[in-house]
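Enquirer: First the structure, which I've put down as structure tokens, then a few questions once you've had a look.
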Amino acid sequence: MSTTITKGIIASPGIRIGKAYLFQTGKIIIPKYTISENDVASEISRFELAIEQTKNEIKGIQEQIAGNLSKDTADIFTSHLMVLEDPQIEEKVRKEIIEKKKNAEWTINDISLELINSLASIEDDYLRERIIDISDINKRLVANLQKTASPSLQSITEEVIVFASDLTPSETALMNKEHILAFVTDKGARTSHTAIMARALEIPAIVGTINITSLVKNDDLVIVDAVHGQIIIDPSPEQIDEFRRYQEDFRELELELAKLTNLPAKTFDSEEIFIYGNIDVPEEMKIIKDHGAQGIGLFRSEFLFLDKSLPDEEKQFLEYKRVADFFDPAPVTIRTIDVGADKVYAYTNTYRERNPSLGCRAIRFSLENEALFKIQIRAILRASHYGNVKLMFPMITTIEEFKKARRIAEESMDELRREKIPFDEKINIGLMIEVPSAVINADILAKYADFFSVGTNDLVQYLLAVDRISEKIAYLYNPLNLSVLRFLRQIADVARKHSMPLSICGEMAGEPHYTMVLLGLGFRHLSMAPIYMHQVKKLVRSVSIAECVEMVDSLLKLEDTEDIENMVRKKFKEKFYDLP
């Protein structure tokens, strides 16, 4: 019996063992033909009927999800309805049918492909993941035009693990948890709506495996280990026994950890640690809160900038208010847009950034487009009236950048006062430390900022000069490199000296192996995805600050990253697995 092990991205945690089911929707056949002038009216009517039918289907899915899960999760499909109700898109379809005499399927597919191609050129994973949403809408519209039924996962009546090239949010939403143990896809990322649905349904899922559907066959026995991100095909009897024990241990651990949800995150020596959540879209806020988050440490605002038209102040305000109101009085830290000109303007293809990581991105882009920046700041300020909102600027590299950004925020406050629009007059304005220059100048930045938040993903990348998505040099991207630890210690020391509130919101904060390291370095506010919140809290409640400081002092005396990793791993196993 052969064993194949492949890896992917954990979208929703868990361990499952079962039979493989290859879900193939098949290619959409798009009929392409021209119509006569006499048929134009009926073709437009056919298009309008398909739009209405598709909207009704999506509203039906929303109602089902709202009943089974929550309204916030159901709101994932609001973006689908917005596309279907977009007058510009509808007008474009009508124009194509009238002027080019193309049938409706051909017209809709071409417009969808145009939007998909513009998104495909973007380097940001979150923005690229919106492609599947557009594909979902296109597939439904074409099916309704042709009056054909698409294959559905609802018809599965036995326990299986689903393997697919990709799954749309609606396909995931309609999964039957009784029969679908887990799913694995070739494509996808943690920020996709499909991944969000999996977490809401609590179905273990691994995405982005690249080629899993070419490795697995129907009825193969497989193990999905969505804890370490691996899939084992045709496991040995010993592996099956091992993972069954592991699965049972994981279930017991989850139940045990879930009891911590409403307990304080306090160390043995009574030091309080604050655990916050990171969210990409408002629909994730209930999941975050259900895992015991004490607020939002990082609310990424990029999701609002996906449409062909940039979001106005009112649209942004309503989304920020929604999250602020939900968590009030807990804090919600909203980061201003952290994308570049190549992404925001990708829909019109007017600008192409040669090196996005070092180019006009984040705060640089905002300061260069002050009108757009001020709209976002005004929306965030208005939302601050409805909750404990904090305003945060990304990728500050110079003192001048932060001063200018803060000045624009203060100008926006003056405008709102003149317009008699309420906002929190005492709103905290801070910055993300994610480049070496911000670390070196942290003592000066502390004079102008109300708080610091460390973004370790970029900080490690820029400090070590490593492209974190490059397979060739991925081994160099390591948060436990001595230089990273020294930088983190330096940031914590500056924050302590200046009584500056300090948090950390990169992936390092949500990795339980690093919890003791961060506590020992001086961090007390950790913001993360919900997957590991309970585990991090368990670690916190199982250690003393004194022993964490002692461990970090020992780490900082080591030179080789491998030696640092070994010490951290050893301490983690002692504290995590040996706990009663």
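Enquirer: Could you tell me whether any residue of segment 455-471 is over 22 Å from Ser554 (Cα atoms) and crowded, with 23+ Cβ neighbours inside 10 Å?
Expert: yes
Enquirer: For segment 368-378, which positions are outside any loop (DSSP other than H, G, I, E, B) and out of contact with any Pro (no Cβ under 9 Å at 6 or more places or on another chain)?
Expert: Glu368, Glu370, Ala371, Leu372, Phe373, Lys374, Ile377, Arg378
Enquirer: Among the residues of segment 212-223, is there at least one that is within 23 Å of Gln62 (Cβ to Cβ), among the hydroxyl-bearing types (Ser, Thr, Tyr), surrounded by 14 or more Cβ atoms within 10 Å (Cβ to Cβ) and touching a residue at least 12 places away in the same chain (Cβ under 8 Å)?
Expert: No, segment 212-223 has no match at all.
Enquirer: Picking from Ala492, Ala509, which residue would you name as being of a type outside the set (Val, Ile, Thr), modelled with pLDDT under 95 and within 28 Å of Lys447 (Cα to Cα)?
Expert: Ala509
Enquirer: Continuing with the same structure: Consider Glu401 carefully, then state whether it is farther than 30 Å from Asp328 by Cα, modelled with pLDDT of 95 or more and not assigned by TED's automatic domain parsing to the domain that holds Leu115.
Expert: yes
Enquirer: Turning to a different aspect of this structure: Hey, any hits in segment 390-406 for a residue that's touching a strand residue (DSSP E or B) at 6+ places or on another chain (Cβ under 7 Å) and of a type in the set (Asp, Glu)?
Expert: No.
Enquirer: What number of residues within segment 283-294 are surrounded by 23 or more Cβ atoms within 10 Å (Cβ to Cβ) and over 15 Å from the mean Cα position of the chain (by Cα)?
Expert: Of the residues in that region, 1 qualify.
Enquirer: Read through the list (1) at pLDDT below 80; (2) touching a helix residue (DSSP H, G or I) at 6+ places or on another chain (Cβ under 6 Å); (3) surrounded by fewer than 19 Cβ atoms within 10 Å (Cβ to Cβ), then give the number of the only condition that Thr191 fails.
Expert: Just one mismatch for Thr191, condition (3).
Enquirer: A further question on this structure: Go through segment 521-580 and give me each residue that's in contact with a strand residue (DSSP E or B) (Cβ under 6 Å, 6 or more places away or on another chain), of a type outside the set (Ser, Thr, Tyr) and at pLDDT 95 or above.
Expert: Residues satisfying the conditions are Phe523, His525, Leu526.
Enquirer: Residue check: is Ile337 part of a helix (DSSP H, G or I), surrounded by 22 or more Cβ atoms within 10 Å (Cβ to Cβ) and modelled with pLDDT under 95?
Expert: It is false that Ile337 is part of a helix (DSSP H, G or I), surrounded by 22 or more Cβ atoms within 10 Å (Cβ to Cβ) and modelled with pLDDT under 95.
Enquirer: Another question, if that's okay. Have a look at Ala226, Ala265 and point out the one that is out of contact with any Asp or Glu (no Cβ under 9 Å at 6 or more places or on another chain) and not assigned by TED's automatic domain parsing to the domain that holds Asn117.
Expert: Values: Ala265 fails: out of contact with any Asp or Glu (no Cβ under 9 Å at 6 or more places or on another chain).
Answer to the selection: Ala226.
Enquirer: Take the residues in segment 141-188 that are in a helix (DSSP H, G or I) and of a type in the set (Ser, Thr, Tyr); name whichever of them is surrounded by the fewest Cβ atoms within 10 Å (Cβ to Cβ).
Expert: Across segment 141-188, the extreme among qualifying residues is Ser155.
Enquirer: Another question, if that's okay. Could you grab the pairs with beta carbons closer than 8 Å, sequence gap of 6+ or different chains, first residue in segment 172-184 and of a type in the set (Gly, Ala, Ser), second one buried (at least 21 other Cβ atoms within 10 Å of the Cβ) and in a loop (DSSP other than H, G, I, E, B)?
Expert: Ala182/Ile203; Ala182/Pro204
Enquirer: When you scan segment 474-489, do you find a residue that is at pLDDT 95 or above, within 30 Å of Met197 (Cβ to Cβ) and under 23 Å from the mean Cα position of the chain (by Cα), even just one?
Expert: Within segment 474-489, not a single residue is at pLDDT 95 or above, within 30 Å of Met197 (Cβ to Cβ) and under 23 Å from the mean Cα position of the chain (by Cα).
Enquirer: Take segment 404-436 and flag every residue that is among the polar types (S, T, N, Q) and over 11 Å from Ile377 (Cα atoms).
Expert: Of the residues in segment 404-436, the ones among the polar types (S, T, N, Q) are 412, 428.
The answer is Asn428, and nothing else.
Enquirer: Conditions first: (1) more than 17 Å from Lys139 (Cα to Cα); (2) of a type in the set (Phe, Trp, Tyr); (3) at pLDDT below 80. Phe77 passes all but one, so which condition is the exception?
Expert: If we test Phe77 against (1) more than 17 Å from Lys139 (Cα to Cα); (2) of a type in the set (Phe, Trp, Tyr); (3) at pLDDT below 80, just (1) comes out false.
Enquirer: Just for segment 26-61: of the residues that are of a type in the set (Val, Ile, Thr) and closer than 24 Å to Leu81 by Cα, which one is modelled with the lowest pLDDT?
Expert: Filtering first and then ranking leaves Ile28.
Enquirer: For segment 440-450, name all the residues that are surrounded by fewer than 20 Cβ atoms within 10 Å (Cβ to Cβ) and either over 16 Å from Met500 (Cβ atoms) or in contact with a strand residue (DSSP E or B) (Cβ under 7 Å, 6 or more places away or on another chain) (or both).
Expert: The one that is surrounded by fewer than 20 Cβ atoms within 10 Å (Cβ to Cβ) and either over 16 Å from Met500 (Cβ atoms) or in contact with a strand residue (DSSP E or B) (Cβ under 7 Å, 6 or more places away or on another chain) (or both): Asp450.
Enquirer: In segment 257-282, what residues are surrounded by 13 or more Cβ atoms within 10 Å (Cβ to Cβ) and over 30 Å from Arg322 (Cβ atoms)?
Expert: Selection gives Lys266, Thr267, Phe268, Glu271.
Enquirer: Taking interchain pairs and intrachain pairs at least six residues apart, which have beta carbon atoms under 6 angstrom, with the first residue in segment 28-48 and surrounded by 10 or more Cβ atoms within 10 Å (Cβ to Cβ) and the second basic (Lys, Arg) and in a loop (DSSP other than H, G, I, E, B)?
Expert: Thr34/Lys101; Ile35/Lys101
Enquirer: Further question on the same structure: Among what's in segment 535-580 and is touching a Lys or Arg at 6+ places or on another chain (Cβ under 8 Å) and assigned to a helix (DSSP H, G or I), pick the residue that is nearest to Thr456 (Cα to Cα).
Expert: By that ranking, first place goes to Val552.
Okay, residues lined up against (1) part of a loop (DSSP other than H, G, I, E, B); (2) more than 16 Å from Tyr462 (Cβ to Cβ); (3) basic (Lys, Arg):
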{"site": "Ile380", "(1), (2), (3)": "no, yes, no"}
{"site": "Ala383", "(1), (2), (3)": "no, yes, no"}
{"site": "Leu391", "(1), (2), (3)": "no, yes, no"}
{"site": "Met395", "(1), (2), (3)": "yes, no, no"}
{"site": "Arg406", "(1), (2), (3)": "no, yes, yes"}
{"site": "Ala409", "(1), (2), (3)": "no, yes, no"}
{"site": "Met413", "(1), (2), (3)": "no, yes, no"}
{"site": "Ile421", "(1), (2), (3)": "yes, yes, no"}
{"site": "Ile429", "(1), (2), (3)": "no, yes, no"}
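Enquirer: Let me ask something additional. Between Asp450, Asp458, which is out of contact with any helix residue (DSSP H, G or I) (no Cβ under 9 Å at 6 or more places or on another chain), acidic (Asp, Glu) and within 28 Å of Pro479 (Cβ to Cβ)?
Expert: Just a single option satisfies the conditions, and that option is Asp450.
Enquirer: Among the residues of segment 440-469, write down those that are more than 21 Å from the chain's Cα centre (by Cα) and in a loop (DSSP other than H, G, I, E, B).
Expert: Asn441, Ala446, Lys447, Tyr448, Ala449, Asp450, Phe451, Ala465, Val466
Enquirer: If you scan segment 497-534, which residues turn out to be in a loop (DSSP other than H, G, I, E, B), free of Cβ contacts under 8 Å to residues at least 40 places away in the same chain and within 17 Å of the chain's Cα centre (by Cα)?
Expert: Residue satisfying the conditions is Glu511 alone.
The values are calculated or read from the model by the stated rules, or taken from the named source; none is laboratory data. Just so it is clear, the structure is predicted and the values come from calculations on it, not from any experiment. Note that each Cβ is placed from the backbone with ideal geometry, even for glycine, and that neighbours are counted across all protein chains shown.
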